[in-house]
1. Regarding B:PHE269, is this residue more than 22 Å from the chain's Cα centre (by Cα), at the interface with another protein chain (Cβ under 7 Å from one of its Cβ atoms) and either surrounded by fewer than 15 Cβ atoms within 10 Å (Cβ to Cβ) or of a type outside the set (A, V, I, L, M) (or both)?
2. I'd like the residue in region A:155-178 that is under 16 Å from the mean Cα position of the chain (by Cα) and among the acidic types (Asp, Glu) and, out of all such residues, is nearest to the other protein chains (Cβ to nearest Cβ).
3. Which residues, counting only those in region A:252-270, are among the charged types (D, E, K, R), assigned to a helix (DSSP H, G or I) and touching a helix residue (DSSP H, G or I) at 6+ places or on another chain (Cβ under 8 Å)?
4. So which of B:PHE143, B:PHE168 ends up being in contact with a Pro (Cβ under 6 Å, 6 or more places away or on another chain), at pLDDT 95 or above and not in a helix (DSSP H, G or I)?
5. Do you know which of the residues in region A:129-178 that are closer than 25 Å to A:ASP237 by Cα and among the hydroxyl-bearing types (Ser, Thr, Tyr) is surrounded by the most Cβ atoms within 10 Å (Cβ to Cβ)?
6. So for region A:30-46 (the condition being charged (D, E, K, R), over 19 Å from A:ILE78 (Cα atoms), surrounded by fewer than 15 Cβ atoms within 10 Å (Cβ to Cβ) and without any contact (Cβ under 8 Å) to a residue 12 or more places away in the chain), does at least one residue qualify?
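The values are calculated or read from the model by the stated rules, or taken from the named source; none is laboratory data. Being a predicted model, the structure only gives us computed values, none of them experimental. Quick reminder, even Gly has a Cβ in these numbers, built from the backbone with ideal geometry, and neighbours come from all protein chains shown.
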2 protein chains.
Amino acid sequence: MSNKPVYAIVGLGLLGGSYAKGLHDAGYHVIGIARRQETIDYALANNFITEGSIQPSDIHKADIVILCLYPKVMIQWIQEHKHDFKPGAIVSDIAGVKRNVVKPIQYILKDVDAEFISTHPMAGKEVSGIEHADPSIFRQANFIIVPTVDNSEKAINAMMDVADILKFHHISLLSIDEHDRMIGFLSQLTHVIAVSLMNTHDHDKLVDYTGDSFRDLTRIAKINEDMWSELFLFNKDILLEEIEAFEASLDTFKQALKNDDEETMKHLFIQSTNRRKKFDK
Amino acid sequence: MSNKPVYAIVGLGLLGGSYAKGLHDAGYHVIGIARRQETIDYALANNFITEGSIQPSDIHKADIVILCLYPKVMIQWIQEHKHDFKPGAIVSDIAGVKRNVVKPIQYILKDVDAEFISTHPMAGKEVSGIEHADPSIFRQANFIIVPTVDNSEKAINAMMDVADILKFHHISLLSIDEHDRMIGFLSQLTHVIAVSLMNTHDHDKLVDYTGDSFRDLTRIAKINEDMWSELFLFNKDILLEEIEAFEASLDTFKQALKNDDEETMKHLFIQSTNRRKKFDK
């Protein structure tokens with residue numbers, strides 16, 4: 001690979017668009033691949049990409065291909081187009097779950113000369129589409145690389161470079177299981193709670209009285225139903241375990257309240273206060 | 001009462017201090033009553049009050065007395081000092097619960113010439129104490145007046161004036177039951193959820209991966225254990241009902257996930273998204 005790899009971004013939505021623009025702004029040759037010509041036209045007109053195509057086979061020109069698609073579609077896409085990768089290409093993703101994604105893809109690619117290295121940029125917005133793409137969303141975000149025993153140093157370094165070019169705040173390496181458990185708790189469970197709280201009542205008439213507490217707890221209840229139901233089902237067993245761990249914690253509090261057990265309630269408040277302090281930025 | 005009533009603020013903590021400073025800054029005569037002379041000295045030195053005293057009987061000089069104490073202590077305080085109120089005085093509070101507070105106090109005051117009108121300023125901070133007092137916390141906040149059939153127009157108007165002087169964003173009138181149900185859901189349940197989520201695991205090693213979702217959902221898990229356990233126990237039955245309503249909503253989601261019922265999951269996401277949109281500022 002030359003010093004300046006050629007990138008292909010497959011799927012120009014919110015994240016794909018942000019990747020493309022960030023890499024292009026930094027002076028890299030970026031090939032944008034999308035299903036619709038309008039998306040390519042928009043990306044070219046707004047200087048997100050160097051060239052664009054609705055032909056998947058155009059990935060053959062890229063040293064590094066980053067797939068910015070939903071997991072299910074991505075696995076299928078790689079299956080269909082695996083013979084179009086340039087020999088020696090590094091292939092990556094942005095999927096929010098890993099256990100049922102990384103191994104299947106590495107298996108699909110085992111008979112072609114392309115290496116799949118999985119990553120998860122922990123960034124996003126409540127809105128989707130290339131028109132909201134903006135590489136500045138990466139500035140405060142974590143970039144997680146999820147290597148397996150099948151990955152090379154070269155591929156890991158290529159992803160470190162991507163994180164560096166896109167100015168991610170922090171880079172970490174996690175195993176597949178560590179990743180999915182962390183995501184199950186920190187991201188998926190929090191979304192389940194926000195959605196369930198929002199769905200508890202029809203609260204129209206409460207809007208006038210709402211303070212920051214309720215708004216903070218339900219901000220992420222605005223959620224893309226297609227993406228999140230797919231991500232949840234991909235991580236179903238871990239997420240169910242996390243929901244049950246939270247239910248047990250909630251029940252401990254409920255029993256204390258029910259029994260007028262002020263001492264236990266205070267203990268739980270002190271514990272949560274001390275734990276939360278470590279999360280202050 | 002003259003055009004310019006004299007105010008007494010009993011209890012100069014975060015909220016009492018903010019009330020005192022806001023009223024004093026607006027040119028009113030404010031008597032500060034606290035237990036410790038150091039608090040009075042601080043309040044005088046920082047122009048929070050016109051005069052200060054550690055003698056509860058000094059409330060006899062005030063037309064309007066606002067008790068900024070925890071509910072249990074407040075009820076006891078009124079019982080002990082009810083004969084010190086100036087004849088015709090208006091007495092108010094800032095308590096976060098009302099059912100087991102307002103009626104008992106009105107009962108205590110039935111044989112003295114003083115009228116209790118309850119209010120709830122929906123403002124606060126994660127920290128306590130007069131040194132954090134700041135009347136600007138009221139600018140974005142709701143001021144709720146909770147009148148009963150025993151209250152006069154004059155007392156309600158006196159509280160409207162207070163909200164006006166302190167520049168609250170919005171004034172509403174609610175019945176005792178409406179107030180406690182609204183608070184049980186919007187404020188108390190959200191705190192129970194935040195605390196329970198924070199207590200689900202010991203998350204030390206997750207700090208590096210935490211994004212805004214988890215931080216948003218746990219911000220209010222830093223909580224004053226004495227005040228909140230008291231408020232929760234005062235509103236126990238309603239809060240238990242709200243916890244159970246939330247548990248049912250969470251269980252609906254869990255069952256959908258367990259059964260791979262993508263349609264129901266999507267329906268729940270769409271519902272929460274639509275409901276949350278109404279709460280956008």
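1. Working: more than 22 Å from the chain's Cα centre (by Cα): yes; at the interface with another protein chain (Cβ under 7 Å from one of its Cβ atoms): yes; either surrounded by fewer than 15 Cβ atoms within 10 Å (Cβ to Cβ) or of a type outside the set (A, V, I, L, M) (or both): yes.
Yes.
2. Looking at residues that are under 16 Å from the mean Cα position of the chain (by Cα) and among the acidic types (Asp, Glu), I get A:GLU178.
3. Going through region A:252-270, the residues among the charged types (D, E, K, R) turn out to be A:254, A:258, A:260-263, A:266.
Now narrow it down to the ones that are assigned to a helix (DSSP H, G or I): A:254, A:258, A:262-263, A:266.
Correct list: A:LYS254, A:LYS258, A:GLU262, A:LYS266.
4. Numbers: B:PHE168 fails: in contact with a Pro (Cβ under 6 Å, 6 or more places away or on another chain).
Only one candidate qualifies: B:PHE143.
5. So the residue we want is A:SER172.
6. Yes, region A:30-46 contains at least one residue that is charged (D, E, K, R), over 19 Å from A:ILE78 (Cα atoms), surrounded by fewer than 15 Cβ atoms within 10 Å (Cβ to Cβ) and without any contact (Cβ under 8 Å) to a residue 12 or more places away in the chain.
A quick yes/no check of all residues on (1) under 25 Å from A:GLU242 (Cβ atoms); (2) free of Cβ contacts under 8 Å to residues at least 40 places away in the same chain:
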{"position": "B:ASP134", "(1), (2)": "no, no"}
{"position": "B:GLN140", "(1), (2)": "no, yes"}
{"position": "B:HIS170", "(1), (2)": "no, yes"}
{"position": "B:ASP212", "(1), (2)": "yes, yes"}
{"position": "B:ASP216", "(1), (2)": "yes, yes"}
{"position": "B:ALA221", "(1), (2)": "yes, yes"}
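A quick yes/no check of all residues on (1) assigned by TED's automatic domain parsing to the domain that holds B:TYR107; (2) touching a helix residue (DSSP H, G or I) at 6+ places or on another chain (Cβ under 6 Å):
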position: B:ALA155; (1), (2): yes, no
position: B:MET160; (1), (2): yes, no
position: B:GLN188; (1), (2): no, yes
position: B:HIS191; (1), (2): no, yes
position: B:VAL195; (1), (2): no, yes
position: B:LEU217; (1), (2): no, yes
position: B:ASP226; (1), (2): no, no
